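For reference, the structure is listed below as structure tokens.
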Amino acid sequence: MSYIPYSCQQVTEDDIAAVNDVLRSEYLTQGPVVPVFEEAFARRHGVSHAVAVSSATAGLHMACLALGVGAGSRVWTSPNSFLASANCALYCGAAVDFVDIDPRTRNLSVSALTAKLTLAAQRGTLPDLLIPVDFGGLPCDLLEIRELADRYGFRVLQDASHATGATYQGRPVGSAHAHATVFSFHAVKVLTTAEGGMVTTQDPAVAKQLRLLRSHGMTREAGDLQNPVEGPWVYEQQTLGFNYRLTDIQAALGNSQLRRLDAMHQARIALADRYDELLADLPLLLPARLPDRVSSWHLFPVEIDETRTSCTRAAVFQDLRAAQIGVNVHYIPIHTQPFYAAMGFRAGDFPAAERYYARAISLPLFPAMTQAQQHRVVDVLRDALGAQDRPSQLSC
């Protein structure tokens, strides 16, 4: 019985050829391919600036700094995310807090945010930055979030690590509403460079700061140098930066994958649509569908509906794994981690995120997944939920 992973990169001969071209070229890093990838990504996402980085975590860290986060700043984010969405603020010396999620979308709740902002305004503890997370690839309520940001005076850093290729109100994610947006190119993401990321922004000052920060705070640009230029070898460190550069090898893979992003996205949409059909009669809560946005479908997370079954998440998960189906759980709420518990966060602080986590399983979904593999996932899931009496097969 072959193993079905929850996600899997798709590398084609064109991808391999693009990487080989760089390996045979003069530059493996800091060459001409990274700018080409950045420009193509910016065009595809309808944004003025795209800055390639070594990981989405690096992008979140740099974007926090570029948006003014530092010691004494307050940053809020979603508890239903990977650790980096909160850790990035701590790297800058900021204080972190969370806003509970909407049970339907599993994204940061606008109503919870509004209530928290009202109280914070009264107490003089408003955030400097909000990091909403496009969980599973479904864009957040960006319009409402930006309206609140303008009203209360904080900035928005959108964590779109899951959402490459997604759209919101007819526009690509990363093009509007947020002051900056971070994408992930990790191996199992929608588009991969093996490891890497991108930060997009419409603000040239933010983009300039990002480019400075990703390479040790160093510049060779003649117009930016503060001291007399002795020769073409001159460079200056103007701030404390990092080695957060993407290589030309990675950029070549990313640029090749970007050319077929739409095709990969359509494959994910078809699989998600089919899951909705196949799972409709099972005691599960399926991902939300909203008319003004299209998910990238990085994940297909379902919840065990305990009002319709006595099966536990742990038992269902175990049955699926025993059948060589690589389900996963996204995510353990950040505030319940021991590191954050030591800061004073407790179970019960963000009940919607905790309730989602207690019932959640991410089912396999990746562009190369076959209908036979998908039927196998559904059949095993059906058996695990005690619903063997109903066939899962649909006519193709």
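Name the residue that is farthest from the chain's Cα centre (by Cα), counting only residues in region 279-317 that are part of a helix (DSSP H, G or I) and of a type in the set (Gly, Ala, Ser).
Per the criteria, the residue is 315.
Might you check whether a residue that is of a type outside the set (Lys, Arg), closer than 22 Å to residue 177 by Cβ and either open to solvent by 10 Å² or more (accessible area, probe 1.4 Å) or in contact with a helix residue (DSSP H, G or I) (Cβ under 7 Å, 6 or more places away or on another chain) (or both) occurs anywhere in region 29-39?
yes
Can you pull out the residues in region 191-212 that are hydrophobic (A, V, I, L, M, F, W, C) and in contact with a strand residue (DSSP E or B) (Cβ under 9 Å, 6 or more places away or on another chain)? Break it down stepwise before answering.
Quick first cut of region 191-212, residues hydrophobic (A, V, I, L, M, F, W, C) only: 191, 194, 198-199, 205-207, 210, 212.
Passing the criteria: 191, 198, 199, 206, 207, 210, 212.
Somewhere in region 49-57, is a residue farther than 13 Å from residue 183 by Cα and buried (at least 24 other Cβ atoms within 10 Å of the Cβ)?
No - not one qualifying residue is present in region 49-57.
Can you tell me how many residues in region 318-339 are over 21 Å from the mean Cα position of the chain (by Cα) and open to solvent by less than 40 Å² (accessible area, probe 1.4 Å)?
Looking only at that region, the number is 3.
Test each condition in (1) within 21 Å of residue 369 (Cβ to Cβ); (2) basic (Lys, Arg); (3) out of contact with any helix residue (DSSP H, G or I) (no Cβ under 9 Å at 6 or more places or on another chain) for residue 308 and report the one that comes out false.
Evaluating residue 308 over (1) within 21 Å of residue 369 (Cβ to Cβ); (2) basic (Lys, Arg); (3) out of contact with any helix residue (DSSP H, G or I) (no Cβ under 9 Å at 6 or more places or on another chain) leaves (1) as the failure.
Got a number for residues in region 228-258 being among the charged types (D, E, K, R) and without any contact (Cβ under 8 Å) to a residue 12 or more places away in the chain?
Residues in region 228-258 being among the charged types (D, E, K, R) and without any contact (Cβ under 8 Å) to a residue 12 or more places away in the chain: 1 in total.
Take region 201-246 and flag every residue that is within 23 Å of residue 43 (Cβ to Cβ), polar (S, T, N, Q) and open to solvent by less than 40 Å² (accessible area, probe 1.4 Å).
Scanning region 201-246 gives a single hit, 201.
I need every pair where a residue in region 2-24 that is within 28 Å of residue 377 (Cα to Cα) has its Cβ under 7 Å from the Cβ of a residue that is among the small types (Gly, Ala, Ser) and in a helix (DSSP H, G or I), sequence separation at least 6 or different chains.
Qualifying pairs under 7 Å: none.
Hey, could you check region 13-27 for residues that are open to solvent by 50 Å² or more (accessible area, probe 1.4 Å) and more than 27 Å from the chain's Cα centre (by Cα) and say which is farthest from residue 254 (Cα to Cα)?
Applying the filter and picking the extreme gives 26.
The values are calculated or read from the model by the stated rules, or taken from the named source; none is laboratory data. A quick note: this is a predicted structure, and the numbers were derived from the prediction, not measured. Every residue, glycine among them, receives a Cβ derived from its backbone with ideal geometry; neighbour counts consider all protein chains shown. Just so you know, the surface numbers come from the protein's heavy atoms only, side chains and all, with ligands and any DNA or RNA stripped out. Shrake-Rupley method; radii C 1.70, N 1.55, O 1.52, S 1.80 Å.
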